[in-house]
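Scroll down for the structure; my scribbles are underneath it.
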Amino acid sequence: MRDDRLLRERHPRFVVWRQRWDHIVECRICADSDAADLPSGLWTPGWTVERHDPVLSRGSSSGAQAAVESLRHRMDDAFARGRPGFPASILGL
């Protein structure tokens, strides 16, 4: 989402959650990437869940080290291409 104004207006509870967990969850904007090219999933050091079909929300989960490392690598690449977005605070400090 390039403009977080709508997100702030429509989902105020998420905005509060985002402010509270800013030290753990960072939001990035990947404007140069097509949404279909970005990884969609959750990653932990020992387990992943990944959406392969975002339209129908189909995916898989795995504890296999190869799957964990693959998703981590693709997420790190997308993170590096992105820039900070949806700041937890708009105070401008």
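Laboratory data are not the source of any read-out in this text; all were calculated from the coordinates shown. Please read all numbers here as calculations on a predicted model, not as lab measurements. So basically every Cβ, Gly included, is an ideal-geometry build from the backbone, and we count neighbours across all protein chains shown.
Across region 66-82, coupling constants 3J(HN,Hα) worked out from phi with the 6.51/-1.76/1.60 Karplus curve, θ = phi - 60°, read 5, 5, 4, 5, 5, 5, 4, 5, 5, 5, 4, 4, 5, 4, 5, 6, x Hz, and Gly and Pro carry x. Counted by neighbouring Cβ atoms within 10 Å, the residues 70, 61 run from fewest to most as 61, 70.
Once C-alpha pairs closer than 8 Å and six or more residues apart are averaged by separation and normalised to the residue number of the chain, the relative contact order reads 32 percent. One entry in [x] 2, 11, 16, 18, 18, 15, 9, 5, 3, 1, 0; [y] 3, 13, 23, 26, 18, 11, 5, 1, 0, 0; [z] 3, 12, 18, 20, 22, 17, 6, 3, 1 is P(r) over Cα pairs in 5 Å bins from 0, in percent calculated from the shown coordinates; its label is [z].
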